[in-house]
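The values are calculated or read from the model by the stated rules, or taken from the named source; none is laboratory data. These numbers were taken from a predicted model, which means no experiment stands behind them. Here Cβ is always computed from backbone atoms with ideal geometry, including for glycine, and neighbour counts include all displayed protein chains. Accessible surface is based on the protein model in full, side chains and every heavy atom, while ligands, DNA and RNA are left aside. Shrake-Rupley method; radii C 1.70, N 1.55, O 1.52, S 1.80 Å.
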Amino acid sequence: MAACDLPASLGRLPFKEKETKSGKDADYTRDGTVDRHGRPAIRGRTGGWKTGILILVNQGLATLAFFGLGVNLVLFLTRVLHQSNAEAANNVSKWTGTVYIFSLVGAFVSDSYWGRYKTCAVFQLIFVVGLVLLSLSTHLFLVKPQGCGTADHLCQDHSTLEIGIFYVAIYLVALGNGGYQPSIATFGADQFDEEDRLEGLSKIAFFSYFYLALNLGSLVSNTVLVYYEDSGSWALGFWMSAASASLALTLFLCGTPRYRHFEPQGNPLRRFCQVIVAAAKKWRVETPQDGKQLYEVGKDDSAFRKILHTEDFKFLDKAAVVKAGTEVSDHSTRNPWRLCTVTQVEEVKCILRLLPIWLCTIIYSVVFTQMASLFVVQGAAMKTTVFAFHIPPASMSSFDILSVAFFIFLYRRLIFPCYLRVRGKSMTQLQRMGAGLVIGATAMVCAGTVEVYRLKHTNKGSDEPSSLSILWQIPQYALIGASEVFMYVGQLEFFNGQAPDGLKSFGSALCMTSISFGNYFSTIIVNIVMQFTTTNNSPGWIPGNLNEGHLDRFYFLLALLAVTDLLVYVGCAMWYKGISLEERGCAAQAEEGIQCV
């Protein structure tokens, strides 16, 4: 088949093809991406770092807007809405968890129906609407009287309607940001053709820069916006977040003509159910020893790369067994509820193999979420003035961001080359994630140790802040930042790379739902700890007055859970088998009658 005769649905063309109208060489991508008109994407006119950088800037601005609310939400709830420390920490965990639960919604509509570009645009618009509503409600009736919401000046009580509007606003922000995040990460990776050597390397680097952009955006919010909010200018801080989100959406839309796109592949739940039903119907059928005897469509009938057969989860292979007398010569007349392709079966296997790894990342997310809740509460109970300059407790997370930037540079320039030189191969994503768990557990030990010394520098029975400087929190924030580089960047690369072509956004969403369940699990742990430690008139480990509690014991408990989780993770990582895709190089294309130049 000549290259110009390829069906549009195939979406894969060779490196170069003669354009019949212009007579000029066109360098097409080979990964199946198309331009905004649905035509095969031309490398020089679409994608690459031009669109990649635009998406990185978009991510930085959107993150600035999001953390302008998220990083200081626990103090807003205590100072403006009069919630206790434990209640506020739990509400922040629930809200943050909901943000990442919504990432599954965004991933589903992205992979199934809308595609990543439309999903990003729609959810960013919802994000902007939520921030505008939050800014208006804060300005009009939440921060009353004027200037309240500081550590020394609490706000007046609010009506149920006013509090209801506030929660509608922040959960619109949760929906918008959550639905946008998994799609933008994957959409940015889509701009690089992984089947081209140079662009493939750029795609790997993109995830590190993506996480760096996320942290640089939050650096501004954790310093500039947090400073205004901590001094009582909550409405101004929220309006700045709304402006940043609006600018991010505008820049994203400006790149529309140059983006590369993967067309959505339909409802993955339907494909999964078809495999389960087809395998169940053939539960008595014997599975052939040779996977080549299982049913698979030809190259021209596949909209994306086929996945090679694997030997585990043999029961599911029954869905691809061709029963005697079954007519499958015409792919279009096949009943998918009775006969599935090997690729369809392997999609289900891929997800089943990913789930144990994903479950092991949840405990790390419990550790990570303390930075936005109890680290801030702990910092507020310490000496926050340095040389007469007040340091807002939430702004201490800027040390986490600086640590992320430093360790991304350190990893790419020192750790990675040295590891490659010594071991003769690069560190795998699974190894990086394991290192992140170790560093995360160390961060909790560090935080607990700081709390021990903080309690030693307090007046017993007093609610006055400790004389221990808040700067002693720097090591625990820095360790969390280092762990993120290994855990979360590794997760982005791992789940995106190991997910099938039709589920890339879902792969990115797995990373974010790990954070979601970590926040919910953190809430459960806090509730259990408070229930068991508030007996016999004891204030518990995390009371409203931390000077009467034992937050150090809670941190040490999390460190113990992280170490236990690490042991389970090592076993799951040793069991894991990676996805195997068909080759799409020149040799594979030659089988299709396509000539590479």
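What order, most packed first, do the peptides 488-496, 288-296 have when packing is the mean number of other Cβ atoms within 10 Å of each residue? Please list the in-between numbers first.
On the way: 488-496: 25.2, 288-296: 13.8.
Those peptides, ordered most packed to least, come out 488-496, 288-296.
Mind checking the angle between helix 429-456 and the chain's longest principal axis? C-alpha axes, 0 to 90 degrees, to the nearest 10.
The answer is roughly 0 degrees.
With the full set of protein chains in place, find how many percent of the accessible area of the chain is carbon and sulfur; take the probe as 1.4 Å. Spell out each step's value before the answer.
Numbers: 15710 of 24700 Å².
Percent of accessible area from carbon and sulfur atoms in the chain: 64.
Testing the spin-label approximation: label points 7 Å from Cα along Cα→Cβ at residue 223 and residue 84. State their distance in nm.
Taking the two extended label points, one gets 3.7 nm.
Rolling a 1.4 Å sphere over the protein heavy atoms, what is the accessible area per residue of the stretch 19-104, to the nearest Å²?
Details: 3080 Å² over 86 residues.
So the stretch 19-104 comes to 36 Å² accessible per residue, rounded to a whole number.
According to the square roots a ≥ b ≥ c of the eigenvalues of the Cα gyration tensor, what is the shape class of the stretch 399-540, taking rounded for a/c under 1.5, prolate for a/b larger than b/c otherwise, and oblate for the remainder? Spell out each step's value before the answer.
Details: a/c = 3.11, a/b = 1.64, b/c = 1.89.
Oblate, since a/c reaches 1.5 and b/c is not below a/b.
Could you give the length gained by full extension between residue 421 and residue 406, i.e. 0.36 nm per residue of separation minus their alpha carbon distance, to one decimal place? Show your work: numbers first, answer last.
Values: separation 15, 0.36 × 15 = 5.40 nm, distance 2.16 nm.
Gain in length upon complete extension: 3.2 nm.
Run the simple label-point estimate for residue 254 and residue 338 please: 7 Å along Cα→C-beta, distance reported in nm.
5.7 nm
Classify the stretch 44-181 as rounded, prolate or oblate from the Cα gyration tensor: take a ≥ b ≥ c as the square roots of its eigenvalues, call it rounded if a/c is under 1.5, otherwise prolate when a/b beats b/c and oblate if not.
prolate
Sorted by packing (mean other beta-carbon atoms within 10 Å per residue), highest first, where do 198-209, 78-89, 500-511 land?
On the way: 198-209: 17.8, 78-89: 20.2, 500-511: 26.7.
Highest mean packing first, the order is 500-511, 78-89, 198-209.
When the label point is put 7 Å from the Cα of residue 276 along its Cα-to-beta-carbon vector, which residues of the stretch 346-364 have a backbone N closer than 14 Å?
Only 348-349, 351-352 fall inside the zone, counting backbone N under 14 Å.
Quick one: helix 504-533 against the long Cα principal axis of the chain, what's the angle to the nearest 10°, folded into 0 to 90?
It works out to around 30 degrees.
In the stretch 446-597, with Lys and Arg counted as +1 and Asp and Glu as -1 at Cβ, which of these residues, 555, 538, 495, has the Cα nearest the positive end of the dipole, that is, farthest along it?
538
What translational diffusion coefficient, to the nearest whole µm²/s, does the chain have by Stokes-Einstein, given a Kirkwood radius computed over alpha-carbon pairs, a temperature of 4 °C and 1.567 mPa s viscosity?
Numbers: Rh = 25.7 Å.
Answer, rounded: 50 µm²/s.
I need to check one value: relative contact order of the chain, counting alpha carbon pairs closer than 8 Å and at least 6 residues apart, in percent.
Working: 1019 pairs, mean separation 125.2, N = 597.
For the chain, the relative contact order is 21 percent.
Please report, to two decimal places, log10 I(q)/I(0) for the stretch 109-218 at q = 0.23, 0.24 Å⁻¹ as given by the Debye formula with identical point scatterers on the Cα atoms and no solvent.
The Debye formula, applied to the Cα set alone, gives -1.18, -1.22.
Treating the angle as unsigned and between 0 and 90°, give the value, to the nearest 10°, between the Cα long axis of helix 116-137 and the longest Cα principal axis of the chain.
20 degrees
To one decimal place, what Kirkwood hydrodynamic radius in Å is obtained for the stretch 38-111 from all pairs of distinct Cα atoms? All intermediate terms of the calculation are to be shown ahead of the outcome.
Details: mean 1/r = 0.0647 Å⁻¹.
When all Cα pairs of the stretch 38-111 are included, the Kirkwood radius is 15.5 Å.
Taking a 27 Å limit on the Cα-Cα distance, which of the listed pairs 144/460; 118/314; 50/118; 94/460; 292/349 fall beyond it?
Values: 144/460 34 Å; 118/314 38 Å; 50/118 20 Å; 94/460 32 Å; 292/349 17 Å.
Flagged as over cut-off: 144/460; 118/314; 94/460.
May I ask you to compute the full-extension gain from residue 538 to residue 154, defined as 0.36 nm times their residue separation minus their alpha-carbon distance, rounded to one decimal in nm? List each step's numbers first, then the result.
Details: separation 384, 0.36 × 384 = 138.24 nm, distance 2.70 nm.
Working it through step by step, the gained length comes to 135.5 nm.
Cβ neighbours within 10 Å, averaged per peptide: list 273-285, 444-456 in order, most packed at the top. Spell out each step's value before the answer.
Values: 273-285: 15.9, 444-456: 20.1.
Packing proxy ranking, top to bottom: 444-456, 273-285.
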